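Visitor: Here it is, the structure, as structure tokens.
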Amino acid sequence: MLGKERKGDAEYLDSCRSKRNIVEYDYVGGVTGHDADELIEFVKELKADVLDWLNKNHPEQGF
């Protein structure tokens, strides 16, 4: 959807998913508050980029 330039973003999200799985099932404390804050900011930026792309490519939908 957003192109090859966002491949790094997909890899980042996958690494977060992997870390979550490890922490959820293996041990507590593997994720810091900083990790969570970083992910929240990333997701906010990604959401803005996705909405921008949708508005440019599908303006009739009114995102």
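Visitor: Just give me the residues in segment 35-48 being touching a Lys or Arg at 6+ places or on another chain (Cβ under 8 Å) and within 17 Å of R6 (Cα to Cα), in sequence order. Write out each step before concluding.
Guide: Pass one, segment 35-48, residues touching a Lys or Arg at 6+ places or on another chain (Cβ under 8 Å): 35.
Correct list: empty.
For (1) farther than 15 Å from Y12 by Cβ; (2) at pLDDT below 95; (3) not polar (S, T, N, Q), each residue gets a yes or a no:
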site	(1), (2), (3)
D26	yes, yes, yes
G33	yes, yes, yes
A36	no, yes, yes
E41	no, no, yes
A48	yes, no, yes
K56	yes, yes, yes
P59	yes, yes, yes
G62	yes, yes, yes
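Visitor: For a quick check of your reading of the model, give me the residue pairs whose first member lies in segment 9-29 and is without any contact (Cβ under 8 Å) to a residue 12 or more places away in the chain and over 13 Å from V43 (Cα atoms), whose second is of a type outside the set (S, T, N, Q) and not in a helix (DSSP H, G or I), with beta-carbon atoms closer than 6 Å and at least 6 apart or on different chains.
Guide: Filtered contacts from segment 9-29: V23/G30; V23/V31.
Visitor: Residues of segment 29-63 being outside any helix (DSSP H, G or I) and surrounded by 10 or more Cβ atoms within 10 Å (Cβ to Cβ), which ones?
Guide: Kept after step one, since they are outside any helix (DSSP H, G or I), are these residues of segment 29-63: 29-32, 58, 62-63.
Passing the criteria: G30, V31, H58, F63.
Visitor: For L39, are the conditions met, namely being hydrophobic (A, V, I, L, M, F, W, C) and within 11 Å of the chain's Cα centre (by Cα)? Break it down into steps so the answer makes sense when it comes.
Guide: Details: hydrophobic (A, V, I, L, M, F, W, C): yes; within 11 Å of the chain's Cα centre (by Cα): yes.
Yes; evaluated as a whole, the condition is true for this residue.
Visitor: What pairs come out if I take residues in segment 38-54 that are farther than 24 Å from K19 by Cα and pair them with residues that are part of a helix (DSSP H, G or I) whose C-beta lies under 9 Å away, six or more apart or interchain?
Guide: D49/R6; D49/D9; L54/Q61
Visitor: Scanning segment 10-28 for residues that are among the hydrophobic types (A, V, I, L, M, F, W, C) and under 11 Å from the mean Cα position of the chain (by Cα), which turns out surrounded by the most Cβ atoms within 10 Å (Cβ to Cβ)? Write out each step before concluding.
Guide: At the first step, the residues of segment 10-28 found to be among the hydrophobic types (A, V, I, L, M, F, W, C) are 10, 13, 16, 22-23, 28.
Those still in the list that are under 11 Å from the mean Cα position of the chain (by Cα) too: 10, 13, 16.
Values: A10: 10, L13: 14, C16: 17.
It comes out as C16.
Visitor: Within the group G3, G30, which residue is out of contact with any helix residue (DSSP H, G or I) (no Cβ under 6 Å at 6 or more places or on another chain) and among the small types (G, A, S)? So that I can check it myself, show each step before the final result.
Guide: On the way: G30 fails: out of contact with any helix residue (DSSP H, G or I) (no Cβ under 6 Å at 6 or more places or on another chain).
After applying the criteria, what remains is G3.
The values are calculated or read from the model by the stated rules, or taken from the named source; none is laboratory data. Everything quoted here is computed from the prediction, not taken from an experiment. Every residue, glycine as well, gets a Cβ built from its backbone with ideal geometry; the counts of neighbours run over all protein chains shown.
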